[in-house]
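The values are calculated or read from the model by the stated rules, or taken from the named source; none is laboratory data. Here the structure is a predicted model, which means the values were calculated and not measured. Please note: Cβ atoms are built from the backbone with ideal geometry, for glycine as well, and neighbour counts cover all protein chains shown. Ligands, DNA and RNA are excluded from the accessible area calculation, which covers all protein heavy atoms including side chains. Shrake-Rupley method; radii C 1.70, N 1.55, O 1.52, S 1.80 Å.
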Amino acid sequence: MEASRGEEKGLSGIDSTERTTRVATALAVCINDYRTTLNTREVTSDETEKDVLLKACHQRCADRTLKVLEKNGGIYIKLGQHLSAMNYLLPSEWTTTFLPLQDKCPVSSFDSIQDMFKKDTGEDLWFYFSEFAEEPIGAASLAQVHIATMKDTGRKVAVKVQHPELEAWAPLDLATTRFTFSTLKRFFPEYDLEWLSSEMDVSLPKELNFVEEADNARRMKEHFAKLPELPLVIPEVLWAKKRILVMACEPGKRPDDLEYLDANGIDRDEVSSTFGRIFNEMIFGDGAPLHCDPHGGNIAIRKNDSRRRFGRGPNFDIILYDHGLYRDIPLPLRRSYAKMWLAVIDGDVPRMKKYAYEVAGIEEKDFPLFASAITGRDYSIVSKQGSILQTRTSDEQQNISGALQEGLIVDLVQLLSRVPRIILLILKTNDLTRSLDENLQTRQGPIRNFMILARYCARTVFYEKLEEIRAAGSLIWPTNALRMFAAWLSFARVELKLEAFELYLGVKRMLGMQSTEFGSSPLQR
């Protein structure tokens, strides 16, 4: 495999100039291309021709940008991967062009890895390991993973090592990214993406510190150890330096490897619902940290029949890697977020608006767009009671795509620039888990995961009400007892609905029914 350029050439001033010049040149050419295209569209009367002109410009600029991202590597690859997932925000020409970056990551040479070990630990790599595979089993934008054997214990481990040149390039690359987005905003003020570079300024230093990642992994492992019913595996961390992380080897298959799932009798619907439970626990669980980068490359599935008891429960493990990007959600925000989602599921627009303002400062005029952004659904569906639980139709998808083409995408960019960063990360997690669910090609539609979400939201609201009742006095006081019973009844209603639906799915599986239509399910009567 080809070694990274930075490690071979050295981080000279010439390299820095070349790196920056690539970005500046592509930026200038793309800005000029868009301005010329937009001016041409102004004097063109044919709507079809206008559309063709803009799409062609999108494609040219995306192709130019892709070449820069690939040549510069590292942080730029990570930025491109993030942009490729933003199909709700960017034209398809951009997101589709950047998709290859998901599997096109730099690989650092074995010699450079050995040099880094010596520099960072003061010892040769072979001081720690009796075996160390020269070729990585996986490479990402910031790091790569090698399989090794510990010298003292003989234990097989996975060693995550940062690309050696990244630490030196990071300050320059972050500054160039800030310059790029601020320049775009100056020329196209309606298309403000500066929040992306702001988020990278905060998140990237954390992701480049593997000691912090090790602490995150231990926190997550401790939290889910209290929930053995959830089949989540966090690889045990043995030791960590800033650029080196040694952990237990926990192999598995990608969650979109449908052939593996089907061949091993792993129910895709169960995998999907388990994802829902795990990530809702991260958002709503008391003291739970939130993993903010749960894409397909950071998750693995493996068969594990020992988890199944009396024919029930999951027969698989979900393994979660890459714990560099974590956030903690403040309790008041978590509670308002729960109430907002309960309102969405109920189709209660006044309550939705109230809690959207509490959660993200969303004003009345921006609410329809925000509601569509968080659900991935057309607002006409979101605003109808129970409609959010139904599978999205092709007509609805066309309505959403058409609205974005007609200019709502600019409004969405401006809206996201005003939303608190923690909300953006929660929405990013929701988008990624929704993508995981779609890749699994489940039979059940969205209803089950929405009901799982409702359970966690209802639990959060129930605990808040208990706290309020306790603050008002003894729980056995008649008035307080009635309030507690009412709160429990509201929570139990959601629990019973979900249990009824789980039973309904179980009966369908027994009868071999595969339909994705749930119009007659117990939850929609």
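Report the far tail of the P(r) of region 201-240, meaning the percent of Cα-Cα pairs longer than 14 Å.
Values: 406 of 780 pairs.
Looking at region 201-240, the distances longer than 14 Å represent 52 percent of pairs.
So what's the gap between the Cα centers of region 320-335 and region 71-143, to the nearest angstrom?
Centre-to-centre (Cα) distance: 24 Å.
Between Thr121 and Asp201, what is the label-point separation in nm under the 7 Å Cα-to-beta-carbon projection?
That separation, rounded to one decimal, is 3.6 nm.
Set the Förster distance to 35 Å, then compute FRET efficiency between Glu364 and Ala500 from the Cβ-Cβ distance, nearest 0.05.
Step by step, r from the Cβ atoms, then E = 0.45.
Counting every Cα pair in region 157-280, what percent are over 21 Å apart?
Working: 4679 of 7626 pairs.
Tail fraction, whole percent: 61.
What's the extension gain from Asp346 to Glu70 if we count 0.36 nm per residue and subtract their Cα-Cα distance?
On the way: separation 276, 0.36 × 276 = 99.36 nm, distance 4.56 nm.
Gain in length upon complete extension: 94.8 nm.
Quick one: if you stick a label point 7 Å off each Cα along the C-beta vector at Glu49 and Asp286, how many nm between them?
6.7
For region 56-118, what % of the accessible area comes from carbon and sulfur atoms, probe 1.4 Å? Spell out each step's value before the answer.
Working: 1350 of 2480 Å².
Here carbon and sulfur together make up 54 percent of the probe-accessible area.
To the nearest Å, what is the center-to-center distance of region 418-452 and region 204-240, using C-alpha atoms only?
22
Which entries of Lys118/Lys160; Lys206/Lys339; Lys151/Lys253; Lys160/Lys221; Lys151/Lys206 have Cα-Cα distances beyond 20 Å here?
Details: Lys118/Lys160 15 Å; Lys206/Lys339 31 Å; Lys151/Lys253 28 Å; Lys160/Lys221 18 Å; Lys151/Lys206 30 Å.
Distance filter (> 20 Å) returns Lys206/Lys339; Lys151/Lys253; Lys151/Lys206.
Measure off, as a whole percent, the carbon and sulfur share of the 1.4 Å-probe accessible area of region 419-479, all protein chains present. Provide the component values of the computation, followed by the final result.
Working: 1520 of 2670 Å².
Whole-percent figure for carbon plus sulfur exposure: 57.
Looking at the chain, which Cys residues are left with no other cysteine's beta carbon under 4.7 Å from theirs?
When partners are defined as cysteine Cβ atoms under 4.7 Å apart, the chain leaves Cys57, Cys105, Cys249, Cys292, Cys457 without one.
Find out how many positive minus negative residues lie around Glu468, taking Lys and Arg as positive, Asp and Glu as negative, among other residues whose Cβ is under 14 Å from that of Glu468. Before the final figure, lay out the partial values.
On the way: positive: Arg335, Lys339, Lys465, Arg470, Arg483; negative: Glu464, Glu467.
With Lys, Arg at +1 and Asp, Glu at -1, the neighbours total +3.
Considering the zone a paramagnetic label at Glu167 would reach in this model (a point 7 Å from Cα along the Cα-to-Cβ line), which residues of region 120-134 have amide N under 13 Å from it?
Residues 120-123 fall inside that zone.
By per-residue mean of other Cβ atoms within 10 Å, what is the highest-first order of 313-320, 367-374?
Numbers: 313-320: 19.6, 367-374: 21.6.
So the order, starting with the most tightly packed, is 367-374, 313-320.
Loop-only GluC sites (Glu not before Pro) in region 191-250, please: DSSP not H, G, I, E or B, and at most 16 other Cβ atoms within 10 Å. Don't skip to the end; give the middle numbers.
On the way: sites: Glu194, Glu199, Glu207, Glu212, Glu213, Glu222, Glu229, Glu236; in loops: Glu229, Glu236.
Answer by residue number: Glu229, Glu236.
Using mean Cβ contacts within 10 Å as the protection proxy, how do 476-483, 353-360, 108-115 order, highest first?
Values: 476-483: 11.9, 353-360: 20.0, 108-115: 17.5.
The peptides rank, most packed first, as 353-360, 108-115, 476-483.
Relative contact order of the chain, please, whole-number percent, based on alpha carbon pairs below 8 angstrom and at least 6 residues apart.
Working: 688 pairs, mean separation 58.6, N = 525.
After rounding, I find 11 percent.
Highest mean first, what order results for 95-101, 40-46, 69-75 on Cβ atoms within 10 Å? Numbers along the way, then the final one.
Numbers: 95-101: 17.9, 40-46: 10.1, 69-75: 20.7.
By packing density, highest mean first, the sequence is 69-75, 95-101, 40-46.
Over region 191-285, what percent of the accessible surface lies on carbon and sulfur atoms, probe 1.4 Å? Provide the component values of the computation, followed by the final result.
Details: 1820 of 3640 Å².
The C+S portion of the solvent-accessible surface of region 191-285 is 50 percent.
What whole-number value in Å² describes the accessible area per residue of the chain for a 1.4 Å probe? Working shown, then result.
Numbers: 24850 Å² over 525 residues.
Here the residues of the chain average 47 Å² of exposed surface.
In nm, give the distance between the simple-model label positions of Asp411 and Arg493, each being 7 Å from the Cα along the Cα-to-Cβ direction.
Distance between the two pseudo-spin positions: 3.2 nm.
Please give the contour-minus-distance gain from Glu131 to Glu229: 0.36 nm per residue of separation, less the Cα-Cα distance, rounded to one decimal in nm. Walk me through the numbers on the way to the answer.
Details: separation 98, 0.36 × 98 = 35.28 nm, distance 3.58 nm.
Net length gain for the segment: 31.7 nm.
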